[in-house]
1. To the nearest 0.05, what FRET efficiency results for residue 121 and residue 101 with a Förster distance of 25 Å applied to their C-beta separation?
2. Add +1 for every Lys or Arg and -1 for every Asp or Glu among the other residues with Cβ under 9 Å from the Cβ of residue 85, and state the total.
3. Once you have the Cα-Cα distance between residue 188 and residue 63, take 0.36 nm times their residue separation minus that, and quote the gain in nm to one decimal.
4. I'd like to compare 51-61, 118-128: which one has the highest average count of other Cβ atoms within 10 Å, and what's the full order after that?
5. Once label points are set 7 Å from the Cα along Cα→Cβ at both residue 74 and residue 92, what is their separation, rounded to one decimal in nm?
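What follows is calculated from the coordinates using simple rules that are stated; it is not laboratory data. What you see is a predicted model, and the numbers here were worked out from it, not measured in a lab. No Cβ is skipped: glycine too gets one built from the backbone with ideal geometry, and neighbour counts run over all protein chains shown.
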Amino acid sequence: MGKIVRKLGWCILSFSLVMQTGCLLAVAGAAAGAGAAGYLYLNGLLYRDYHANLGDAVAAVRTSLVELQFPLLKEKNETGSAYFQSQTGDGQTVRIYLEMVPSPIPSEGAVTRIGVRVGFSGDELVSSRILDQVGKHLVRPNVAIPSVNQPVTPLPAASTPKTQTEPPLLATDRLTPVPAERLTPVASTPK
């Protein structure tokens with residue numbers, strides 16, 4: 001009877017170890033899957049920083065979505081951030097996040113970070129196309145924009161210089177004969 005109980009105990013212990021190993025593999029597989037999904041999700045967001053305040057950036061995003069014919073499904077504005085939701089032609093959700101971030105260079109002023117995610121894992125071509133369109137509406141602060149009401153002053157005409165150099169010597173001018181007194185005889189060398 002003792003041998004049977006001992007064998008039964010070993011069988012139960014082996015079965016439980018096999019079950020635990022299976023659970024460990026399942027947990028490891030789930031963790032790897034979650035890590036891969038997290039990696040895809042994090043890499044799906046494409047963002048750029050623009051030297052503009054949040055109000056100008058929101059207007060630029062709204063205008064860009066209209067120009068690219070993306071429907072504006074949702075818009076949410078908060079202090080220091082904004083959110084837009086739209087949809088691509090093939091039905092993927094487009095999420096656009098706007099956030100004020102401190103500029104690494106204080107003299108540059110306000111910086112708005114605009115991030116675009118298409119679907120779950122992202123679509124870099126669509127995201128970059130949206131960000132390019134937004135960038136067309138946000139002008140860098142150092143670029144001078146001519147005013148419509150300001151008259152344009154013409155540039156002064158190029159003036160001719162007061163002193164003019166003499167024309168270069170022509171080849172025929174260089175072949176003028178040299179006076180005899182400046183000639184010195186040179187001894188010939190025997191061949």
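1. 0.55
2. Local charge sum for residue 85: +2.
3. 35.9 nm
4. 51-61, 118-128
5. It works out to 1.9 nm between the two label points.
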